[in-house]
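The values are calculated or read from the model by the stated rules, or taken from the named source; none is laboratory data. All values derive from a computational prediction rather than experimental measurement. Methodologically, a virtual Cβ is constructed for each residue, glycine included, from the backbone with ideal geometry; neighbour enumeration extends over all protein chains shown. Keep in mind that these areas ignore ligands, DNA and RNA; they rest on the heavy atoms of the full protein, side chains included. Shrake-Rupley method; radii C 1.70, N 1.55, O 1.52, S 1.80 Å.
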Amino acid sequence: MDEQGIEFKAIVANGLKLGASLTMAEHIQWLRWMFPLEEAAFAKHGARRDRLTKAIMYDHALAREKSGVKQHFVDVLLTLQDKYDLSEDTIIGLLWDMITAGMDTTAVSVEWAMAELIKNPRVQEKAQEELDRVIGFDRVMTESDFPNLPYLQCVAKEALRLHPPTPLMLPHKATANVKIGGYDVPKGSNVHVNVWAIARDPAVWKDPLEFCPERFLVEDIGMKGHDFRLLPFGAGRRVCPGA
Ligand code: HEM
């Protein structure tokens, strides 16, 4: 890993640590005075993050000037900067949103899927057989192969059902007083949806704790927010754009 990579990883790790430190103050409002925000730590973190992002943006601007090639998300944002009146702060915010939302989630999901394959040799063998048959031995799988790998898709879905990397989704805020399932949720409340629990509810799933990708061959259940039994990417207007 180069110097920028090492700095990048350190900033992401620190960001997660700082983010997690908010939880107590967020959930027990009347105890908030006991958990003052670590303002200085947040400011230092922000400055460090901005420094690295600006260096990356500068590298891209330079490379683009030289070769004219625009191939990264950074380039796209920089190209659209004038058209959409994007400030430097906005671009930095968007870049870090995509990075922090897309990195751990994906890595954790793959790790869980691999762990489940190891624990379930029957499934592993079936997935392997499909890959050997569809891809063969002379090349590496690419994204365009996905439609021809239905079993692998079921494996990914089943891994995301049992191990959603954001088990409580992201916090939402009630914009009005609402009643859900007999509970009053007052306007302004933080709302967490326990998608982990829904995905393990025996009232919703047959043998919920079993890793069984075939369940999705029997019933085609989407995971992009339209079927509330399976919501690893959330639902609605704020559904995960990386899904
Ligand atoms: C297995 C991988 C992933 C999972 C399980 C996942 C899950 C989620 C969930 C549950 C939310 C909140 C949705 C809601 O509140 O309804 C979310 C939001 C988001 N995700 Fe993902 N995500 C994944 C990968 C990615 C990737 C690869 C990217 C980008 C490259 C990404 C970018 C985002 C962004 C920007 C948001 C915030 C959207 C908004 O608030 O409008 N995610 N994700």
* Structure fact -> For segment 100-119, pairs from a residue that is under 18 Å from GLN153 (Cβ atoms) to a residue that is part of a helix (DSSP H, G or I) and more than 11 Å from the ligand (Cβ to nearest atom), with Cβ under 7 Å and 6 or more apart or across chains, are ALA113/VAL155; LEU117/VAL123; LEU117/GLN124; LEU117/ALA127
* Within the bounds of segment 109-118, is there any residue that is acidic (Asp, Glu), out of contact with any Leu (no Cβ under 8 Å at 6 or more places or on another chain) and not in a loop (DSSP other than H, G, I, E, B)? -> yes
* To do: Only residues that are more than 25 Å from PHE233 (Cβ to Cβ), within 16 Å of the ligand (Cβ to nearest atom) and either open to solvent by less than 70 Å² (accessible area, probe 1.4 Å) or in the same structural domain as ARG161 (by TED's automatic domain parsing) (or both): list them for segment 60-106, please.
  => ASP75, LEU86
* State all residues of segment 163-177 that are open to solvent by less than 70 Å² (accessible area, probe 1.4 Å), over 21 Å from GLY102 (Cβ atoms) and modelled with pLDDT of 95 or more; if no residue qualifies, say none. => ALA176
* Asked: So is GLN71 in a helix (DSSP H, G or I) and among the polar types (S, T, N, Q) or not?
  -> no
* Structure fact -> Across (1) more than 24 Å from VAL74 (Cα to Cα); (2) of a type in the set (A, V, I, L, M, F, W, C); (3) loosely packed, with under 13 Cβ neighbours inside 10 Å, PHE35 clears everything bar (3)
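From the list ILE28, ILE11, which residue is surrounded by 10 or more Cβ atoms within 10 Å (Cβ to Cβ) and more than 20 Å from ASP89 (Cβ to Cβ)?
None of the other options fit; the residue is ILE28.
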* Considering each of GLN124, GLN128 in turn, give the residue that is assigned by TED's automatic domain parsing to the domain that holds TRP196, in contact with a Leu (Cβ under 6 Å, 6 or more places away or on another chain), open to solvent by 50 Å² or more (accessible area, probe 1.4 Å) and at pLDDT 90 or above. => GLN124
* Residue among GLU158, GLU143 that is of a type in the set (Asp, Glu) and either buried (at least 18 other Cβ atoms within 10 Å of the Cβ) or under 17 Å from TRP112 (Cβ atoms) (or both) -> GLU158
